[in-house]
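A.B. asks: Let me begin by handing over the structure; questions about it come next.
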Amino acid sequence: MADASIARASDQVASEGRRDRSSGQGSFARVAGYTISRAIALFITIVIGVYATILIANMGGYVDEIRSAQIEESVAIGVSQNPEYRSLTSAQRQELVAGIVEVERRRLGLDRPFMVRSFTYLTNALTLDLGRSEYISSDRGSRQVRQVILERLAPTLILFASANLILFFVAIFVGLFLSRRYGSWLDRFVIALAPTSAAPSWFFGIFLILIFAALLGVLPFGGMVATPPPPDRLDYALSVLRHLILPVSAIIIGAVFITIYSWRTFFLIYSSEDYVEMAKAKGLPSNTIERRYVLRPTLPTIITSFALLVIQLWTGGIVLETVFNWPGLGRLLFQAINLFDTPIIVASVVIFAYLLAVTVFLLDIVYALVDPRVKVDSGGAV
Amino acid sequence: MKALLRNLKALTQFPSAIVGLGVVFAMVVFAAYAMITIPYSEAIRLWRGGDQVWGDTPRNARPAWFNLFPGNNLPTTIRVDSRHDPNLKTRQEVGEELTAVDIRLPFEFRYDGFPKELNVTFAAQFEARRPNVQMTWVTPDGREIRLGDLTLRATETFRISQESRLERRLGGRPPEVGLFANPDDPSRALHGTYELRAEGLVFEEGADIEAKLVVFGQVHGLAGTDHRRRDLMVALLWGAPIALAFGLLAAVGTTITTMIIAAVGVWFGGIVDAAIQRVTEVNLILPLLPILIMVGTFYSRSIWVILGVIIVLGIFSANIKTYRAIFLQVKQTPYIEAARAYGAGHGRIVFRYMIPRVVPVLVPSFVTLIPTYVFLEATLAVLGLGDPILPTWGKVINDALTQGALFRGQYYWVLEPALLLMVIGFGFALVGFALDRVFNPRLRDL
């Protein structure tokens, strides 16, 4: 018991210290301070996370071995095919190969101990300076991993931003609507559909492709724009929109029912609070009650749950993009797996870690904006 | 324990829970049936088998129940083997050391569609001089079409469908269509008794020929076949025990470890708790699927290695925060203080006092986790990182997608494993949702 109370006491001291520092400042400063401290904490988290990724990627120097083998093979082939070296004896040729391999290994830094290299890898990974890919090149023809990744980032962001925004607002409005009509057949129907969210989005994607592309033929099987891409800007945008419908629907169908179910429950819990009854007794219009008395206090909880949901959706998107041939990061990772393109695979994992962290960070800011405890007292919410 | 039983009784009041339990039970029976009828080693042999195992099944055949729909009368596979019926073969001495072996392989064909392929396999016994055989196709209306001549080796497969000269003689139609087409209406098959006549000559004493005709159908078995002629039923059956085992083990592994870590963190508090919290935050931004993909590509695709990685990465999952909140309440209860008073050690308090108290809260989330992991395995398989040996539902979907089943209209190939995944997923999810309402009193009235 003693250690626990000490811990609590120290917590209290710490939060009091923070309160002293922040007293007399505006709520903007508190939100900004909260945001900065979260950003720093998340950056440290990212560094640790990326380092862990590198350790897993190079468990026991396995990747290094693969790369050494590749170097040896390519050098050996290069030497054997070069007519200048044809006159050499096999012993001389082996010596030459060994020499070139050694230089090449030193050039790539493979001769240094792993712990030293891992920190070089870490800084490289954090700046996405991951060298050159082995097989995959970007549409502009670059082999730079950073170029390849950045080129694929935009389609992924388009797909997920639109899907998540629609998902968020649909779930909030339907959730509020159902909490008002709690127990109606519509409510029961949506709740009965909640278990469908056990399946990932690509799973629904297959069915959507089957129905709308294969059977009805009204929407494309996949891809981001029609081939050949329309020259006109407006036509191009419309074509992208047409290709967006199915993957976005798949993401939404895959997550919307469970989200509505859990948010509706939050709304119901908060609408049974005494102050809501009080507001009803005062005769406030139900719109106002919903917005100010139910939605407002529920938002922090909802944002936390949304953050966890988006994190799940990010990783689920890899297969979704593959199923829909969407030229984003997920499909890049899929292609990299098939071609065994080590730098791209590692870089994809790193960029996904970044995306998750940015998601968490953005939602943290929104959280700070909607949670009054952050504005009033920075100690309370953290 | 009594409370657990009472809660389980309350579960029977939810119709969705009963449906869910029924589905889960049916799946367990299905899995048990799979393991009993096809032993593990046999399943692997069948799934990895090539032409030796699946020589006689058609490629990409639909399930046989397609014929139950009105208007469908697609051919099934027909095999006629001279070894099975001695009446099909006649031997006649023609001269010194020269014997004519006449094999007639008749079969009934009363289907609307055409077969997928035609194969004749010969088995010949001889010492040095290779027997000769001449093949003729006899249609129900009495036309005789020469197929070709062969000088036989010990075993020889004559793929009639791939004979381009025959195709040209049949007016450019593939042999499996041209040989069956009705002369009056070439788009339809002629019904009746067909016959393949193989007239052989053997040049030695004791030499012999056997022949087997396989008319590959368009439908096969309960589940159909894939691009490698494998009966999908093997994978559909064996996918069940694998999915159940994987989902269950992953869910057990992650929830129990998470719970222990959360309990330990709350009990010891201070640095331990803070460290656990920070690790959880790092773990939250580690992308699970890309890491699994990395492990799958670099190290091992074995389903058990992947399971281990999932459990390790799942230890510090976001659930720790939920459990922590509950444990913080439990820690303040008087019976924990009583336990301390009589001198119980840390381990005893964590494992005998705190964790049992939280188990009821954990049951629903545990059950809802199972389908998540079942689908995770399928997800990896769809990415081409499925277990290299075992047949799983995800691998069937992966095969179907890479072979373009949706573009080619082979919907059964995708739908069968997908429906099974859906059934197993929804079964567990239904039970989990009902359990959630029973065990979490806050939700019970809602």
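The values are calculated or read from the model by the stated rules, or taken from the named source; none is laboratory data. Everything numeric here is computed off the predicted structure, so don't read it as measured data. Note: ideal-geometry Cβ built from the backbone for every residue, glycine included; neighbour counts use all protein chains shown. These accessible areas exclude ligands, DNA and RNA; they are computed on the full protein's heavy atoms, side chains included. Shrake-Rupley method; radii C 1.70, N 1.55, O 1.52, S 1.80 Å.
A.B. asks: Set Lys and Arg Cβ to +1 and Asp and Glu Cβ to -1, take the dipole of the protein assembly as shown about its Cα centre, and tell me which of B:PHE433, B:PHE180, A:SER138 lies farthest positive.
C.D. replies: Most positive-ward Cα: B:PHE433.
A.B. asks: Follow-up. Chains B and A: buried accessible surface, both sides, probe 1.4 Å, rounded to 100 Å²?
C.D. replies: When B and A are taken together, about 4900 Å² of accessible area is lost.
A.B. asks: Using only the Cα atoms of the stretch B:174-238, what do you get for the radius of gyration and for Dmax, in Å?
C.D. replies: 18.1, 50
A.B. asks: Here's something else I'd like to know. Connecting C-alpha atoms closer than 10 Å in a GNM of chain A, tell me which of A:SER142, A:SER348, A:SER74 has the biggest fluctuation.
C.D. replies: A:SER74
A.B. asks: Measuring from the lowest to the highest alpha carbon on each principal axis, how far does the stretch B:137-254 reach, largest first, in angstroms?
C.D. replies: Extents along the principal axes, in whole Å: 69, 47, 25.
A.B. asks: Express the Stokes-Einstein translational diffusion coefficient of the stretch B:71-216 in µm² s⁻¹, to the nearest whole number, given a Kirkwood radius over alpha-carbon pairs, 4 °C and a viscosity of 1.567 mPa s.
C.D. replies: Translational diffusion coefficient: 82 µm²/s.
A.B. asks: Averaging over every viewing direction, what projected area does the convex hull of the Cα atoms of the stretch A:145-247 cover, in nm²?
C.D. replies: 9.4
A.B. asks: Report the calculated FRET efficiency for B:GLU42 and B:GLN162 (r = Cβ-Cβ distance, R0 = 35 Å), to the nearest 0.05.
C.D. replies: 0.65
A.B. asks: Given R₀ = 25 Å, what would the calculated FRET efficiency be for A:VAL170 paired with B:ALA325, taking r from the Cβ atoms and rounding to 0.05?
C.D. replies: With a Förster radius of 25 Å, E is 0.30.
A.B. asks: At 1.4 Å probe radius, can you tell me the per residue accessible area of the stretch A:151-370 in Å²?
C.D. replies: 42
A.B. asks: Another question about this same structure. Between rounded, prolate and oblate, where does the stretch B:232-322 land on the alpha carbon gyration tensor, with a ≥ b ≥ c its root eigenvalues, rounded for a/c under 1.5, else prolate if a/b exceeds b/c? Please list the in-between numbers first.
C.D. replies: Values: a/c = 3.54, a/b = 1.95, b/c = 1.82.
It comes out prolate by the Cα gyration axes.
A.B. asks: Would you calculate the separation in nanometres between label points at B:VAL28 and A:ARG291, each defined as 7 Å from the Cα along the Cα-to-beta-carbon direction?
C.D. replies: 5.3
A.B. asks: While we're looking at this one, here's another question. Any chance you could give the angle, 0 to 90 degrees and rounded to 10, that helix B:2-11 forms with the longest Cα principal axis of chain B?
C.D. replies: Approximately 50 degrees, to the nearest 10.
A.B. asks: In debye to the nearest 20, how big a dipole does the protein assembly as shown give about its Cα centre with +1 on each Lys and Arg Cβ and -1 on each Asp and Glu Cβ? Let's see the in-between values first.
C.D. replies: Numbers: 77 positive and 68 negative charges, 704 e Å.
It works out to roughly 3380 debye.
A.B. asks: Put +1 on the Cβ of each Lys and Arg and -1 on the Cβ of each Asp and Glu in the stretch B:71-216; which of B:PHE107, B:THR77, B:MET135 then has its Cα farthest toward the positive end of the dipole?
C.D. replies: B:THR77
A.B. asks: Need one number: convex hull volume per residue for chain B, Cα atoms only, in Å³.
C.D. replies: Enclosed volume per residue, from the Cα hull, is 213 Å³.
A.B. asks: Is it possible to state the helix-based mean residue ellipticity at 222 nm for chain B, with each DSSP H run of 4+ residues giving -39500 (n - 2.57), the sum divided by total residues, to the nearest 500 deg cm²/dmol? What is it?
C.D. replies: Taken over chain B, the calculation gives -16000 deg cm²/dmol.
A.B. asks: Treating only the Cβ of Lys, Arg, Asp and Glu as charged (+1, +1, -1, -1), what charge dipole size does the stretch B:71-216 show about its Cα centre? Round to the nearest 20 debye.
C.D. replies: 540
A.B. asks: Residues with beta-carbon under 9 Å from that of B:VAL138, excluding B:VAL138: net charge, scoring Lys, Arg +1 and Asp, Glu -1?
C.D. replies: Details: positive: B:ARG104, B:ARG143, B:ARG197; negative: B:GLU144, B:GLU195.
Neighbourhood net charge equals +1.
A.B. asks: Using a Gaussian network for chain B with springs between C-alpha atoms less than 10 Å apart, which of these wobbles most: B:LEU236, B:LEU288, B:LEU376?
C.D. replies: B:LEU288
A.B. asks: With +1 assigned to the C-beta of every Lys and Arg and -1 to the C-beta of every Asp and Glu, and no other charges, what is the dipole magnitude of the stretch A:151-370 about the Cα centre in debye, to the nearest 20? Let's see the in-between values first.
C.D. replies: On the way: 13 positive and 11 negative charges, 113 e Å.
In debye, rounded to 20, the stretch A:151-370 gives about 540.
A.B. asks: Return, for the Cα atoms of the stretch A:151-370, the radius of gyration and Dmax in Å, separated by a comma.
C.D. replies: Calculated on Cα positions, Rg and Dmax stand at 20.0, 67 Å.
A.B. asks: How big is the stretch A:309-370 along each principal axis, measuring the range of its Cα positions in Å and listing the largest first?
C.D. replies: The principal-axis extents, from largest down, are 45, 24, 15 Å.
A.B. asks: Return one number: the angle in degrees, 0 to 90 and rounded to the nearest 10, between the long axis of the Cα atoms of helix A:296-323 and the longest principal axis of the Cα atoms of chain A.
C.D. replies: The helix A:296-323 is inclined about 30 degrees to chain A.
A.B. asks: Once the Cα atoms of chain A are picked out, what are the Rg and Dmax in Å?
C.D. replies: Just the Cα atoms of chain A yield Rg and Dmax of 27.3, 101 Å.
A.B. asks: Name the residue farthest towards the positive end of the dipole of the stretch A:118-214 from the options A:LEU165, A:ILE149, A:PHE204, assuming +1 on Cβ of Lys and Arg, -1 on Cβ of Asp and Glu, about the Cα centre.
C.D. replies: Of A:LEU165, A:ILE149, A:PHE204, it is A:LEU165.
A.B. asks: Go from 0 up to the bin containing the longest alpha carbon distance in the protein assembly as shown, width 10 Å each, and give me the % of pairs per bin.
C.D. replies: 2, 10, 17, 20, 18, 13, 9, 6, 3, 1, 0, 0, 0
A.B. asks: Hey, which aspartates and glutamates would be in cross-link range of A:LYS280, C-alpha to C-alpha under 18 Å, not counting anything within fewer than 8 residues on its own chain?
C.D. replies: Excluding near neighbours in sequence, the set is A:GLU290.
A.B. asks: Sticking with this structure for a sec: Please express the Cα-Cα pair-distance distribution P(r) of the stretch B:54-157 as a list of whole percents, one per 5 Å bin, running from 0 to the bin with the greatest distance.
C.D. replies: 2, 9, 15, 20, 19, 13, 9, 6, 3, 2, 1, 0
A.B. asks: Oh, and also: Tally up the carbon and sulfur contribution to the accessible surface of the stretch B:71-216 as a whole percent, 1.4 Å probe, everything protein left in place. Before the final figure, lay out the partial values.
C.D. replies: Details: 3220 of 7450 Å².
Percent of accessible area from carbon and sulfur atoms in the stretch B:71-216: 43.
A.B. asks: Then there's this: Which residues in the stretch A:80-113 have a backbone N closer than 13 Å to a point placed 7 Å from the Cα of A:THR120 along the Cα-to-Cβ line?
C.D. replies: Within reach of a label on A:THR120: A:103-113.
A.B. asks: Using protein chains only and a probe of 1.4 angstrom, how many square angstrom of B:LEU289 are accessible, to the nearest 10?
C.D. replies: B:LEU289 has an accessible surface of roughly 10 Å² with all protein chains in place.
A.B. asks: Between B:ARG278 and A:GLU104, what is the label-to-label distance in nm when each label sits 7 Å out along the Cα-to-Cβ direction?
C.D. replies: Here the modelled spin labels are 4.2 nm apart.
A.B. asks: Grab the beta carbon distance between B:ASN72 and B:LEU419, set R0 = 22 Å, and tell me the FRET efficiency rounded to 0.05.
C.D. replies: 0.65
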